[in-house]
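Just below is one structure, and these are the notes that go with it.
The values are calculated or read from the model by the stated rules, or taken from the named source; none is laboratory data. Everything numeric here is computed off the predicted structure, so don't read it as measured data. Virtual Cβ from ideal backbone geometry, glycine too; neighbours counted across all protein chains shown. When the accessible area is computed, the model is the full protein with side chains, heavy atoms only, and any ligands, DNA or RNA have been set aside. Shrake-Rupley method; radii C 1.70, N 1.55, O 1.52, S 1.80 Å.
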Amino acid sequence: MSLLALFISSIFVNNILLARFLGCCPFLGVSSQLETAKGMGVAVIFVTTFAAIMTWLAYTFILVPLGLEYLYTLAFILIIAALVQFVEIVLKKVMPGLYKSLGIFLPLITTNCAVLGVAVINMNEKYSLVASIVNAIGSSAGFLVAIVLMAGIREKIEMNAEMPRCVRGLPIALVTAGLMSIAFMGFNGLIK
């Protein structure tokens, strides 16, 4: 598979949220406002890309040569946690408004299974470093696309005064996420 095909596939065909169902907690928790969703998506792109680089290097040059491949989950989580701490420090200094609006969801990137999932997918598929980076950027761009679409839809839904009270909030968000997932299934077969 070419790098372009891998990139397109990571965004649309194998979307980390809507096809693989990884990272649903921040997807539902942060997608109520468009600006917050954009900020979370950009933070996930940064963390996922650098996590893919660092985890590939750690797995290839430390774990495999030492025969410690079975510790990959622990090693990957530690690397991701360190990167999230770095992102948190940078956002607090550079963009305090976004830092406040992300709230508890920023540290939750550490436990975001989408970030860990991309690192594990890269390892399981035996991608090269370049392919791992392309997959990470594509997967996290797919996360950004999905969360921004969801935020835009949720903002429009919240403005609808005719929406019954019993389906406002999380119930309609879950229905919307399901419909978005079905829509993204239309990309299956686009790239093999």
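On the protein heavy atoms, probe 1.4 angstrom, tell me the percent of accessible surface of the stretch 99-192 carried by carbon and sulfur. Mind dumping the intermediate values first?
Working: 3430 of 4980 Å².
With neighbouring chains kept in place, the figure for the stretch 99-192 is 69 percent.
Taking the charge dipole of the stretch 1-111 about its Cα centre, with +1 at Lys and Arg Cβ atoms and -1 at Asp and Glu Cβ atoms, the residue from L98, L68, A43 reaching farthest to the positive side is L98.
About its Cα centre, the dipole of the chain is roughly 180 debye, where the only charges are +1 on Lys and Arg Cβ and -1 on Asp and Glu Cβ. Rg over Rh for the chain works out to 1.00, using Cα positions for both radii and the Kirkwood form for Rh.
Accessible surface calculations at 1.4 Å, restricted to protein heavy atoms, place the stretch 114-184 at 49 Å² per residue. In terms of distances greater than 26 angstrom between alpha carbons, the cross-link table entries K38/K93; K93/K126; K38/K92 yield K93/K126. Grab the beta carbon distance between I62 and M159, set R0 = 45 Å, and tell me the FRET efficiency rounded to 0.05. Once rounded, the FRET efficiency stands at 0.30. Hydrophobic long helices, here whole DSSP H runs in the chain with Kyte-Doolittle means of at least 1.6 and Cα atoms spread over 18 Å or more along the helix axis, are found at 72-94, 170-184.
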